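*Asks:* Take this structure, written in structure tokens, and hold onto it; I'll ask about it next.
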């Protein structure tokens, strides 16, 4: 394989019902960095139907060129039409790097494409950088997050990776950025369209499993009552967290048992755990001490929760949380 | 109907701990289990067997010890078990793995192929769709539930971040299953008692037709460049300050550690 | 000689452990608290073949060994002793005597329903005035044509009220003492049969323990189990087998309390370190686990001999005696290790301590076990 023929950083910019998903913009930001390091260009692959101003958005967030494919076959995501469109772009344009968001769509599309192109694909990356040899270094968690591995795809092009939503930094939106928009025509092989979408249903998934939350805001006696928990919920809403509680609060009926952390509740290990007004009885610690980062706020400076906290604040939750929520909103 | 289910033996990653001193992974004594999503897929197949009398084959690629999950599959009720095992298959990334398994599947007849969405040791979710591509079969990933019309059409509920999709597809096709969509049955006592009376077919490189440049380490476009653990946790910092200052400290830490 | 589990046994352990952990453990505290018979668990166990492990497949069983059966009772009791005794009484005290002493017709009629778990079984020997001295039976059976008429009552009957089939001992000839005792297969719907008051107990509170009342109870003659006058022998042999089950139950309770304690002493900090780091804790735990392991070997030896069909009466008695006393010791100390928390219902060890006590009493008290062991020595 002549690697020199392959150039530029391509991003699959996922849209759903015309709305560009955040991960697409995050990837454009990252692609910008990578392309600058390589002294190459950023291409956005924008697929859909009845597209309007999305291409301009891609440019505002860092794309040099938007390859726009507007076709009725692409109105709703289905594996095969999307795979055919992107395969054709890859075949005709020979990108060096292809980035895809690790959403349910990206994780459906990515491997299908990688097998069609016969190249490597690194899943769910949390870090991307360019090596001295101008290869892409793709870092991802393995073994349930216990191990980080940096993957390289040296002899094959394009280098493909899916990237977790929320980990890359979105670039500054710049309405004045200049870029070009090219409309691409795809010759679909409809005989391969074998999956029929009957309906797409939007649903807020209210059956929350606190063991799967990335950020948990947990309240104890120091939060006091249902009003105190409204305060925690307000904070949770601003940062996309879930609310959980110590046993005392669950027994008091403030929260359901499915949200109890600890010995008689659930064991959680989120990336970020806020222990709000929780003293840290041994039963509670058993359920949360393996959290990645623990921030504890408690009035009692001798509270055992401070023994496991990465950051401890001695103070009144009821005063700090509203202030914190205000700041987080900004 | 004939169903093939791809299963994988994985270390139970929930049991893996970090050495608190060195920060390295402690792998000793970690039990090996059938990958949860694969077990979910197997349950879908066994339910189709209960309802429609489907014949269910399980296939796994792995070292000889992977036999354990094939026995488990027998105890759950499958009809045939195949172990793909050869040193030549080793060191494979997802693409090479999918090439190997797809080659084996070419010599099996089936109407439906089920894999798990992803394995807990790698979490890539790639091998299922890659196999589907190699075999030129339609795929439905993230399958939460399914119904069969008794003839050739499946109606499938496919999970998405913000809801779900209902899709239809005819056999032959490939599904990748979610463990959360189904509760796998336990092995029955009788199934366990009889599990070791059934044959395990071991297939090596010589039993399948595949280009040896497409399998194992040679056939893997990706390599591990380096691996590392996040290291040992340092002692925490405690501040006793007024609320406004506390908020600044928290925001500062969040900015440093996370993206807000 | 091989002390390791076979691959099949390892696979079974994997299943039963997961089942106990996911299906049984979550109910254990509630079943104890509300003194509720966990019928839903019995139905789940029936589906998997746990209600008929050591019986042939042709008779509705799972075709397994007594080793697997002891492992099942141990693992269930490790998280819920109530569930353990339901399986033990059903398997050892009802299915087993029909399997061992029943006619082909009796086996064909009762075992498929019992071993598949569709029906639950129970056993009635103990009476208000016939406990350890089981020979003092006062329940009378009189043959009248094609049936027997039973009169009398039984007490402390495990699974009573939920069982469909009861193995009942009754005097067919009072003049002959133990040689006048006969065994009967009695169905719950036979005329004149009823279940009396339910006991309120210290432990195994989800297990139903009731009185049985037979008032001119009509039992068809073909439901005589074994021959007339052979009932006492059947009862004693049945209890030999039952003791393996109860020994397994005690073993499970002990291991369950040990699991909880190990977890606790690693987490609980006093005087600046985990209490598991104190040598006093370590030495006590070492002694207790050694006893548990010894009990396990005794239990498996008894089951192994039963599988080989060689005499195991003394082995079963030793297993039960030692496992029961170990369970009592381990659970009592487990509560002590947990301190004040251990005395509360937030932790399961107080329940385990209450559950352990019965294993020193039922299916022959520890004193009876010593009698059996000594009699075997001195015969």
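The values are calculated or read from the model by the stated rules, or taken from the named source; none is laboratory data. Only a predicted model underlies this, so the values are computations on that prediction, with no experimental measurement involved. Using ideal geometry, Cβ is built from the backbone for each residue, glycine included, and neighbour counts are taken over all protein chains shown.
*Asks:* Would you mind stating whether residue B:194 is surrounded by 15 or more Cβ atoms within 10 Å (Cβ to Cβ) and assigned to a helix (DSSP H, G or I)?
*Replies:* So residue B:194 passes the test.
*Asks:* What is the number of the single condition among (1) surrounded by fewer than 19 Cβ atoms within 10 Å (Cβ to Cβ); (2) within 14 Å of chain C (Cβ to nearest Cβ); (3) at pLDDT 95 or above that residue B:183 does not meet?
*Replies:* So residue B:183 meets the others, but not (3).
*Asks:* I'd like the residue in region A:265-294 that is buried (at least 23 other Cβ atoms within 10 Å of the Cβ) and facing chain B (nearest Cβ under 10 Å) and, out of all such residues, is farthest from residue A:223 (Cα to Cα).
*Replies:* Taking the candidates together, the pick is A:294.
*Asks:* Output yes when any residue across region B:119-130 is within 17 Å of residue B:97 (Cβ to Cβ), more than 10 Å from every other protein chain (Cβ to nearest Cβ) and within 21 Å of the chain's Cα centre (by Cα), and no when none is.
*Replies:* yes
*Asks:* Here is a follow-up. Given (1) surrounded by fewer than 18 Cβ atoms within 10 Å (Cβ to Cβ); (2) away from every other protein chain (no Cβ under 14 Å), identify the lone condition not met by residue B:213.
*Replies:* Here residue B:213 meets the rest and fails (2).
*Asks:* Give the residues of region A:300-315 that are more than 7 Å from chain B (Cβ to nearest Cβ) and at pLDDT 90 or above, sorted by residue number.
*Replies:* Selection gives A:305 alone.
*Asks:* How many residues, within region C:45-59, are within 7 Å of another protein chain (Cβ to nearest Cβ), surrounded by fewer than 20 Cβ atoms within 10 Å (Cβ to Cβ) and outside any helix (DSSP H, G or I)?
*Replies:* Number satisfying all stated conditions: 0.
*Asks:* Name, by its number, the condition in (1) closer than 30 Å to residue C:339 by Cα; (2) touching a strand residue (DSSP E or B) at 6+ places or on another chain (Cβ under 9 Å) that does not hold for residue A:321.
*Replies:* (1)
*Asks:* Separate question: Here are some residues: B:154, B:110, B:89. Which one is at negative phi and within 13 Å of chain A (Cβ to nearest Cβ)?
*Replies:* B:154
So that you can scan it fast, the table gives a plain yes or no per residue for (1) in a helix (DSSP H, G or I); (2) surrounded by fewer than 22 Cβ atoms within 10 Å (Cβ to Cβ); (3) not assigned by the TED database to the domain that holds residue C:206:
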site: C:1; (1), (2), (3): no, yes, yes
site: C:14; (1), (2), (3): yes, yes, yes
site: C:20; (1), (2), (3): yes, no, yes
site: C:30; (1), (2), (3): yes, yes, yes
site: C:36; (1), (2), (3): no, yes, yes
site: C:61; (1), (2), (3): no, no, yes
site: C:72; (1), (2), (3): yes, no, yes
site: C:77; (1), (2), (3): yes, no, yes
site: C:85; (1), (2), (3): yes, no, yes
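*Asks:* Tell me which residues, restricted to region C:333-356, are outside any loop (DSSP other than H, G, I, E, B) and under 21 Å from the mean Cα position of the chain (by Cα).
*Replies:* Selection gives C:349, C:350, C:351, C:352, C:353, C:354, C:355, C:356.
*Asks:* For region C:181-236, which fully contained strands (runs of 3 or more DSSP E) count at least 1 residues that are surrounded by 22 or more Cβ atoms within 10 Å (Cβ to Cβ)?
*Replies:* C:181-187, C:209-220
*Asks:* For region A:104-211, which strands (runs of 3 or more DSSP E) that fit wholly inside it have 1 or more residues that are within 7 Å of another protein chain (Cβ to nearest Cβ), in contact (Cβ under 8 Å) with a residue 40 or more places away in the chain and over 25 Å from residue B:9 (Cα atoms)?
*Replies:* Here the list reads A:195-202.
*Asks:* For region B:136-151, enumerate the residues that are more than 7 Å from chain A (Cβ to nearest Cβ) and surrounded by 21 or more Cβ atoms within 10 Å (Cβ to Cβ).
*Replies:* Across region B:136-151, the qualifying residues are B:143, B:146.
*Asks:* So, of the residues in region C:300-331 that are assigned to a helix (DSSP H, G or I) and without any contact (Cβ under 8 Å) to a residue 24 or more places away in the chain, which turns out to be nearest to residue C:252 (Cα to Cα)?
*Replies:* C:301
*Asks:* Using the structure shown, decide if residue C:166 is over 17 Å from residue C:126 (Cβ atoms) and touching a residue at least 40 places away in the same chain (Cβ under 8 Å).
*Replies:* Considered against the rule, which asks whether it is over 17 Å from residue C:126 (Cβ atoms) and touching a residue at least 40 places away in the same chain (Cβ under 8 Å), residue C:166 comes out as no.
*Asks:* Test of understanding: among A:44, A:31, A:4, A:37, which residue is modelled with pLDDT of 95 or more and surrounded by fewer than 19 Cβ atoms within 10 Å (Cβ to Cβ)?
*Replies:* Result: A:37 is the single residue among A:44, A:31, A:4, A:37 that is modelled with pLDDT of 95 or more and surrounded by fewer than 19 Cβ atoms within 10 Å (Cβ to Cβ).
One line per residue, one yes/no per condition, for (1) at pLDDT 95 or above; (2) under 17 Å from the mean Cα position of the chain (by Cα); (3) not assigned by the TED database to the domain that holds residue C:358:
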| site | (1), (2), (3) |
| --- | --- |
| C:254 | yes, yes, no |
| C:264 | no, no, no |
| C:284 | yes, no, no |
| C:298 | yes, yes, no |
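*Asks:* Conditions first: (1) without any contact (Cβ under 8 Å) to a residue 40 or more places away in the chain; (2) more than 10 Å from chain B (Cβ to nearest Cβ); (3) more than 26 Å from residue C:118 (Cβ to Cβ). Residue C:40 passes all but one, so which condition is the exception?
*Replies:* Among (1) without any contact (Cβ under 8 Å) to a residue 40 or more places away in the chain; (2) more than 10 Å from chain B (Cβ to nearest Cβ); (3) more than 26 Å from residue C:118 (Cβ to Cβ), residue C:40 violates only (3).
*Asks:* So, one more: Given the structure, is residue C:294 modelled with pLDDT of 95 or more, in a helix (DSSP H, G or I) and within 27 Å of residue C:157 (Cα to Cα)?
*Replies:* No; evaluated as a whole, the condition is false for this residue.
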